[in-house]
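Bear in mind that the values in this text are calculations on the coordinates, not laboratory data. Treat the numbers as computed from the prediction; the structure is a model and nothing was measured. Ideal geometry is used to build each Cβ from the backbone, glycine not excepted, and the neighbour counts take in all protein chains shown.
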Amino acid sequence: ELTEGDCRIIIGSHLGRPHKQKGHTGWDGIFNIQFVSSHFDTLIRRLHGDTYTIFPPEIIDSHMKHSLEIASHKRMPPGGIKFLPNLRYLLDPSKPDTYRKEFIYELANVSDVYINCAFGCSHRTTKSIKMLPQLMKTQNKLVVAGTLLNQEIKNLGRFGQRVINQPSKTVVIAGGAKVSDKINVLKQFVRAGVKAIFIGGKMVNTFLIAQKTKTKMIPFKLSDIPRTLLSSSEENNQNLVNEVSLAGEILDFANDKKVNLIFPDDYKCVDEFKAPTFFIESEPDFEKVLQLDLGPKTIENFKNTILSNGIENVFWNGPLGAYDHPTSHDYAEGSLELAQLLFEEALTNPKFSVVIGGGDSAAILNKIGVNQLKNLIKRCIERQLADPINRDLLSMEFPVDDSYVLWNYLASNFFVSTGGGASLEFLEKFLKGEGNGDLASYLPGTSTLMELTAA
């Protein structure tokens with residue numbers, strides 16, 4: 001829509017966490033927006049041929065503000081699209097804040113309209129999310145929320161209201177690595193009185209340890225860390241101790257509120273992380289083994305544990321296994337089976353609602369190829385046809401070959417958020433406020449736009 005209006009577009013984005021790295025050198029690689037720009041160029045050409053001109057980001061050694069010279073000197077043609085370098089790059093290790101401010105001032109000066117489509121970053125108060133629109137507003141320029149941002153908060157708000165109205169029909173699936181990332185939203189789900197919370201992924205390790213610690217009635221210490229979970233990093237070990245403590249808080253709170261915490265029935269285990277084969281254990285002994293995914297019994301029982309007793313609302317955040325394991329695809333099975341189960345239920349049950357909370361959870365869906373997804377959809381539709389219909393005489397075509405579009409837009413009751421941390425924070429604050437606030441008020445990025453547009 002913007003390019004049809006002959007706009008010159010500047011795209012800025014975060015990618016990864018390069019600012020967390022200890023050194024300044026060697027960041028170009030997985031943190032380089034060049035890869036995003038190249039893929040974007042491929043997609044644009046596939047859809048529109050050579051209609052648009054894409055200007056890739058500069059290399060990391062350039063100051064970011066040099067990236068704006070094309071726009072500031074009017075070198076971009078109408079319809080031109082300029083990618084900025086990763087906005088999380090440190091421009092000068094000794095003075096990162098100064099350089100970032102200078103860059104934001106220059107970006108505000110060369111831009112006429114600010115559009116925030118970055119839901120996945122809108123739970124942060126970074127300069128591109130807060131300072132930039134504030135500066136542009138003082139220059140009497142237009143600041144607006146993009147279509148994606150509006151779509152995200154509307155879908156999450158609708159789901160949050162369902163949780164408030166139907167807590168006994170709600171199940172939460174929590175995976176991933178860290179309890180600390182989810183502690184606040186898990187507490188709000190427990191406070192709301194949801195039916196159950198299924199715990200999986202690496203995070204289940206801390207819950208299993210916390211359970212055992214409570215039976216012994218003694219606090220978990222550094223010296224208690226089992227062999228397979230012990231790190232060479234003292235910081236990582238202390239983090240594990242803290243995670244066990246947080247898991248204990250959830251166990252106690254869920255017990256008080258009578259919310260059922262469900263753990264896997266069995267696990268795929270290995271002696272070492274890169275071991276060529278796995279074996280099944282019903283209760284992993286972390287002195288001897290690592291668990292890397294859900295076991296076959298747990299996967300087989302998904303329908304009974306997650307979709308039983310009239311469940312109508314499911315929120316899932318975090319992988320249930322080591323789906324990105326470097327040498328084996330076996331540990332993505334639990335997450336992939338769950339994704340397909342939830343999608344099938346959404347396609348066949350109009351009362352059912354699913355929200356998948358971005359990040360790694362969304363990445364899991366990409367492991368299901370578009371043809372596999374189309375076949376799943378066809379089977380679901382065929383099952384709903386009357387028995388006398390000869391299915392061999394029917395054919396089904398899809399106007400798109402994009403699995404993201406099929407996941408997100410085929411069924412209005414199945415939503416994949418683009419923000420992991422953002423979706424968690426939105427739902428946490430929505431549930432805490434019992435949905436009484438404006439949808440834009442729950443995240444810094446959206447509340448900033450709300451305040452500026454109201455001024």
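Kindly list the residues of region 379-417 that lie in the label zone of T51, defined by a backbone N under 20 Å from the point 7 Å along the Cα-to-C-beta vector.
399-402, 405
Give me H325, H66 ranked fewest to most by other Cβ atoms within 10 Å of their Cβ, as a rough exposure proxy.
H66, H325
For K429, which aspartates and glutamates qualify as cross-link partners when the Cα separation must be under 20 Å and same-chain residues fewer than eight apart are set aside?
E152, D181, E249, D438, E451
In whole angstrom, how far apart do the alpha carbon centroids of region 203-238 and region 400-443 sit?
Spelled out, the Cα-based centre of one part sits 33 Å from the other.
Starting at the first residue of region 444-454, write each ³J(HN,Hα) from the Karplus equation 6.51 cos²θ - 1.76 cosθ + 1.60 with θ = phi - 60°, in whole Hz, x for Gly and Pro.
The phi angles translate into x, x, 6, 5, 4, 5, 4, 5, 6, 6, 7 Hz.
Under 5 Å between amide H atoms, partner at least 5 residues away or on a different chain: which partners does S353 have, H built in plane at 1.01 Å?
Residues meeting the amide H criterion: N313, V314.
From Cα pairs below 8 angstrom and at least 6 apart in sequence, can you work out the relative contact order of region 267-321, rounded to a whole percent?
34
Sorted from fewest to most neighbouring beta carbons within 10 Å, what does the list S412, S111, S245 look like?
S412, S245, S111
Could you list H14, H48 in order of exposure, starting from the residue whose Cβ has the fewest other Cβ atoms within 10 Å? If you can, show how the numbers build up before the last one.
Working: H14 20, H48 11.
So the residues, fewest neighbours to most, are H48, H14.
Which net charge results when you count Lys and Arg as +1 and Asp and Glu as -1 among the other residues whose beta-carbon is under 15 Å from that of D285?
-3
Give the dimensionless ratio obtained when the Cα radius of gyration of region 155-436 is divided by 2.2 N^0.38 Å.
For region 155-436, the normalised Cα radius of gyration is 1.04.
Check V143: other-chain or 5+ apart residues with amide H under 5 Å from its amide H, H built from backbone geometry?
For V143, whose amide H was placed from the backbone, the distant partners under 5 Å are Y114.
Between G419 and residues 5 or more places away or on another chain, which pairs have amide H atoms under 5 Å apart, with H built 1.01 Å from N, and which residues are they?
Here the answer is G358, G359, since their amide H atoms fall under 5 Å of that of G419.
Quickly estimate the mean residue ellipticity at 222 nm for the chain, helices only: each DSSP H run with n ≥ 4 gives -39500 (n - 2.57), and the total goes over all residues, rounded to 500.
-12500 deg cm²/dmol, from helical runs alone.
Starting from the Cα gyration tensor of region 128-284, take the square roots of the eigenvalues, sort them a ≥ b ≥ c, and report rounded, prolate or oblate (rounded when a/c is under 1.5, otherwise prolate if a/b is larger than b/c, else oblate).
Prolate, because a/c is 1.5 or more and a/b exceeds b/c.
Quick one: Karplus J couplings for region 298-315, per residue in order, coefficients 6.51, -1.76, 1.60, θ = phi - 60°, nearest Hz, x for Gly and Pro?
Calculated HN-Hα couplings, in order: 4, 5, 4, 8, 3, 4, 6, 7, 10, 10, 8, 6, x, 5, 10, 10, 10, 10 Hz.
Can you tell me which lysines have their Cα less than 26 Å from the Cα of K268? Leave out same-chain residues fewer than eight positions away.
Straight-line reach from K268, under 26 Å: K178, K182, K202, K212, K214, K288, K297, K303, K367.
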